[in-house]
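What follows is one structure encoded as C-alpha cells, with my remarks underneath.
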Amino acid sequence: MAKTANPDKAQPAEPTQADASGDAKYPRRTERRRRTRIRIQEVAAEQISRAGFAATTMQAIADEADIHVTTLFSHFSSKNELATSLVTSAIKALRERALAARETTLFLDFFKDEALSFARPGRDLAQPAASVWSVLRTDRELAFAWSDYEQGQKDVYADYISAEYCLNREIDFLPDLVASLLVASTILPHRKWRETEGKRSLEEEISQSVNLGLNAARHMLKTTSKKN
C-alpha cells in the first residue's frame, strides 16, 4: 500500500520551462509520468463511479494507484481538476476517433456505434452503467464536469456533421441542432434505466432511444448535400 501523508499540506508542483526541457531530455521519465497520470485517472474513474465524488478522497485514489499522495498532487491539484481531466481525456479520445473515421464512416453510423458502446462493456456486470459518465450526470458536485463533457460531445459531432455535409457552423445551426438531439438521445435512456433500477436492459434502452434520434436526424439532414 502507498505511504500516506496529510493531503491538506500537499502542494501541486507548478510546471516550469526547465520541466519542459527536462521532459525532452529524459523521455523515459516523461513516459513514466504519463503512465502514472493515466493510472490515476483510471483509478479515480473507478472509485468515483463506485463511491461517488464526495466520498472519494485523494488519499484513497493515491493508495489504490500505489503512489504517494504528494505524487498525486503533483499531477492534479484537486479532485475537481482530476474530474475535469477525465472529461478532457474522454473528449480528446472521441475527437481522435471521429477524425480517423471521417474518410470511411458516415457520421450517423459512427454516432450509433459510439452510443451503443456505452452499454456493451456492462452486459455481464451487475451495474453496467457504473461508469464515471453516469456519475457525472447524477452527482451534483460533478455538474461542472458533466456540462463540459456534454458540450464536448456536441462539438465533436457537430464538426463531423459539418465536414460530411459541407456546412459552415458559423452561419448554419443544423450541425449543432442535430448534435444536440443525438446527445440527448443517449442521456434519456440512462435516466430511464436508473429510474427502473436496472430492471430493463440498458443496451435495449439506448438502442431504442438512439434509433429514434437517428430517424429524426436523417429527416433533418435529408435535404442537405453531402461532400463528394
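Values in this text are rule-based calculations from the coordinates and carry no lab data. Since the structure is predicted, the reported quantities are computational estimates derived from the model, not experimental observations. Don't worry about glycine lacking a Cβ; one is built from the backbone with ideal geometry, like all the others, and counts go over all protein chains shown.
Details
- Among LEU182, LEU116, a tally of other beta-carbon atoms within 10 Å of each Cβ gives an order, fewest to most, of LEU116, LEU182.
- Sorting MET220, MET58 from the fewest to the most surrounding beta carbons within 10 angstrom yields MET220, MET58.
- Label separation (ILE38 vs GLU141): 2.8 nm, computed from points 7 Å beyond Cα along the C-beta direction.
- The protection proxy used here, the mean number of other Cβ atoms lying within 10 Å of each residue, ranks peptides 37-47, 84-94 as follows, highest first: 37-47, 84-94.
- Exposure proxy order (Cβ contacts within 10 Å, fewest to most) of PHE173, PHE53: PHE173, PHE53
- Phi angles of region 43-48 translate, via the Karplus equation with coefficients 6.51, -1.76, 1.60 and θ = phi - 60°, into HN-Hα couplings of 5, 4, 4, 5, 6, 5 Hz per residue; Gly and Pro are given as x.
- Mean separation of Cα pairs under 8 Å and 6 or more residues apart, divided by the residue count, gives region 25-111 a relative contact order of 23 percent.
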